[in-house]
Amino acid sequence: MDGGWGTIEIGILLAAGLWAGLQNALAGGGSFVTLPALMLTGLDARVANLTSTTALFPGQITTALANRRLTGPVGATGFGLLLAISLAGGALGAWLLLQTPTDLFAAMLPWLVLAATLLFARGAFGRPVAAAHLARGPVVTAHALVSVYGGYFGGGIGFLMLALFTLAGATVKAAQANKNAFAAAMNLAGAAVFAASGEVAWAPALILGAASMAGGYLGARLIAHVPDRAVKLLVVAIGLALFAGLLWRG
């Protein structure tokens, strides 16, 4: 933030952070809200993306802790191993983002958003995945790829993990709790890499982060009471609007 910022700009970030934390807990796709909010402040696409990751991980940790009793092994794969993979993959994905030129990432961003939105829509409204009890090797490999993508961009990782974990035999509630924990780990590792790079816009990140923690805690408490389909439709609508806006802006 610069000296020209006032109450309206801070209010936008507070609202975006609260909404994103709530949305991440209920369905996912919170970065579809924080990314455009940060770009409205004048940040370029790449810095807005890494600042969004840094800002949202506190809210994801709050959500993960609220549901920690539901976490556990995924089929034959231990929780601790998948958590370690999440941390390593998130850090690698973040490092890859830092190596991507700003102009290239800006050109890629609308299509990353569109791909993430379509992936979210497929997971939200497609035919449910039947449990196939995948072996440990395929689960570890697939989760490693998801983790790297999560550190790089992250849109749609929630549904990728839900599909993977249910295929491995986890119940829906356990899969949801695990994906919250692993998404928090990916973003924590990514945020550490971004913080060390010196590229994070800390003022808006702190505002978004504080608000996302409140939203994440609230969302974790509301999971059983909020209409699932309505939230998912809203996420898809936001994603498509963001894609159109980014394409028009470019």
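The values are calculated or read from the model by the stated rules, or taken from the named source; none is laboratory data. Keep in mind that what you see is a predicted model, and the values were worked out from it rather than measured. Virtual Cβ from ideal backbone geometry, glycine too; neighbours counted across all protein chains shown.
At a glance:
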{"read-out": "Answer from S52, S31 - the residue that is out of contact with any strand residue (DSSP E or B) (no Cβ under 6 Å at 6 or more places or on another chain), of a type in the set (G, A, S), at pLDDT below 90 and under 19 Å from A91 (Cα atoms)", "value": "S31"}
{"read-out": "Qualifying residue in segment 81-94 (condition: farther than 19 Å from L145 by Cβ and out of contact with any Phe, Trp or Tyr (no Cβ under 6 Å at 6 or more places or on another chain))", "value": "no"}
{"read-out": "Selected residue [in contact (Cβ under 8 Å) with a residue 12 or more places away in the chain, more than 18 Å from A20 (Cα to Cα) and of a type in the set (S, T, Y)] from T54, T100", "value": "T100"}
{"read-out": "Only listed residue being at pLDDT 90 or above, among the hydrophobic types (A, V, I, L, M, F, W, C) and not in a helix (DSSP H, G or I), chosen from V140, V200, V129", "value": "V200"}
{"read-out": "Any hit, segment 78-101, residues being at pLDDT below 90, within 23 Å of L188 (Cα to Cα) and either in a helix (DSSP H, G or I) or among the charged types (D, E, K, R) (or both)", "value": "no"}
